[in-house]
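The values are calculated or read from the model by the stated rules, or taken from the named source; none is laboratory data. These numbers come from a predicted model, not from an experiment. Here the Cβ positions follow ideal geometry from the backbone for every residue, glycine too, while neighbour counts run over all protein chains shown.
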Amino acid sequence: MGKDYLLQVQNVTKRYGDKIALNDFSMDICPGEIVALIGENGAGKTTLLNIICGYSKPSAGQVQYKGKNIVANPLIIREFGILIEPQFLDYISAEENLRLLSQLTNLKQDTRIKELLEMTELYSSRKKKVKEFSFGMKQRLGLCQCLFTEVGFLILDEPFVGLDPIGKELFKQTILDMAHKQNVPVLFSSHDLDDVDEICDRVVMISKGNKQLDQPLEHKQTYTVKIERTISDDIKRSLLEKCSDLRFFEDKIMFQDETLIIDIQKILLQKGHYICGFSVQKNNLKSLFGMEG
């Protein structure tokens, strides 16, 4: 039985004159899934988000939400909570900006305004003019905007940029709550692998408009056994005859199946070696890209 995809990006290409910003890009997202877009500056992340949000039309291909083409059904975007370069009226307060939003959407929600300002820890600054806000405070006010109405899909462009540690944790918890408690899918771009690794279910890497990677993050653990001397070729052969998926580095044996430890220990003892160290490490994105150690 196939997966229940909420959003489908199908063979999307975006051209600006002779430049190809996105090249035959495809991606699917399920309800409740947290997906991170990573890639260098200018890779095509923001271009993709703008197309998904209906801000820009693809040169080829299509984006479907709930089985409907976004270009042909633009009103469906009302279900999206979007944080891409949020816009405010700087000369009025944060609270007044949200009240204006409630008037524009015909939703008189004083309670919701208070809830959002408290959730983003802006309530004590609600009377301040937005022009007095720091960049991080404006990011949090942008989160209030995109969560003001009931959201079916959350899209965030570099949401953690400019946030202090408290602001980052607030954003991360909001994303996790939306996905896990409300089954709302979240798509966000980021250049910080630590932030991505902490909350996302899947990572999609874009480079020069092309999809380079689309991989679930299972967060498996790596087990490392250290012996008292450098591992010989003879020991490697004996271990690989009994145990698969082993990696060797000088005096260390690394593997991801914890049940192998018994066989490894038995073979080492037979060969006159003993284990002098054992460690467990949670895998992360940096180890996936070879950026650790």
### Elements of type strands (runs of 3 or more DSSP E) in segment 206-280, at least 2 residues being farther than 30 Å from SER59 by Cα
221-227, 247-249, 252-255
### Set ARG247, ARG202, ARG237, ARG229: member being surrounded by 15 or more Cβ atoms within 10 Å (Cβ to Cβ) and among the basic types (Lys, Arg)
ARG202
### Summary
Apart from one, (1) within 25 Å of ASP201 (Cβ to Cβ); (2) surrounded by fewer than 21 Cβ atoms within 10 Å (Cβ to Cβ); (3) modelled with pLDDT of 95 or more all hold for ASN69; the odd one out is (1)
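Table: residues versus (1) within 15 Å of CYS53 (Cβ to Cβ); (2) in contact (Cβ under 8 Å) with a residue 40 or more places away in the chain; (3) of a type outside the set (D, E, K, R).
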| residue | (1), (2), (3) |
| --- | --- |
| GLN145 | yes, yes, yes |
| PHE148 | no, yes, yes |
| PHE153 | yes, yes, yes |
| ASP157 | yes, yes, no |
| PHE160 | no, no, yes |
| ASP164 | no, no, no |
| HIS191 | no, yes, yes |
| VAL196 | no, yes, yes |
| ILE199 | no, yes, yes |
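Yes/no per residue for (1) touching a Lys or Arg at 6+ places or on another chain (Cβ under 6 Å); (2) not small (Gly, Ala, Ser):
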| position | (1), (2) |
| --- | --- |
| VAL9 | no, yes |
| SER26 | no, no |
| ILE34 | no, yes |
| LEU37 | yes, yes |
| ASN41 | no, yes |
| LEU48 | no, yes |
| ALA60 | no, no |
| LEU75 | no, yes |
### Task
Out of the residues in segment 108-136 that are surrounded by 12 or more Cβ atoms within 10 Å (Cβ to Cβ) and among the hydrophobic types (A, V, I, L, M, F, W, C), state the one that is farthest from LYS45 (Cα to Cα).
ILE113
#### Entry: Count of residues meeting criterion [touching a residue at least 40 places away in the same chain (Cβ under 8 Å) and not in a helix (DSSP H, G or I)] in segment 68-101
11
### Query
Of the residues LEU141, LEU154, which single one is crowded, with 19+ Cβ neighbours inside 10 Å, within 28 Å of the chain's Cα centre (by Cα), within 17 Å of VAL184 (Cβ to Cβ) and at pLDDT 90 or above?
LEU154
### Query
Picking from PHE88, PHE160, PHE171, PHE148, which residue would you name as being among the hydrophobic types (A, V, I, L, M, F, W, C) and modelled with pLDDT of 90 or more?
PHE88
### Message
Checking the condition at pLDDT below 95 and of a type in the set (S, T, N, Q), which residue from ASN41, ASN23, ASN50 passes?
### Response
ASN41
#### Entry: Condition met for PHE188 (part of a strand (DSSP E or B), in the same structural domain as GLY54 (by TED's automatic domain parsing) and of a type in the set (Phe, Trp, Tyr))
yes
### Residue that is surrounded by the most Cβ atoms within 10 Å (Cβ to Cβ) [pool: residues in segment 1-51 that are of a type in the set (D, E, K, R) and assigned to a strand (DSSP E or B)]
LYS14
### Task
Could you please give the count of residues in segment 91-106 that are modelled with pLDDT under 90 and exposed (fewer than 12 other Cβ atoms within 10 Å of the Cβ)?
3
### Query
Looking at this structure, is ASP18 assigned by TED's automatic domain parsing to the domain that holds CYS144 and without any contact (Cβ under 8 Å) to a residue 12 or more places away in the chain?
yes
#### Entry: Selected residue (criterion: nearest to PRO159 (Cα to Cα)) from residues of segment 195-218 that are acidic (Asp, Glu) and at pLDDT 85 or above
ASP195
### Query
Filter segment 168-190 for residues that are crowded, with 21+ Cβ neighbours inside 10 Å and not hydrophobic (A, V, I, L, M, F, W, C); which is farthest from LEU101 (Cα to Cα)?
SER190
### Summary
Selection from segment 11-34 of residues touching an Asp or Glu at 6+ places or on another chain (Cβ under 7 Å) and closer than 14 Å to LEU154 by Cα yields CYS30, PRO31, GLU33, ILE34
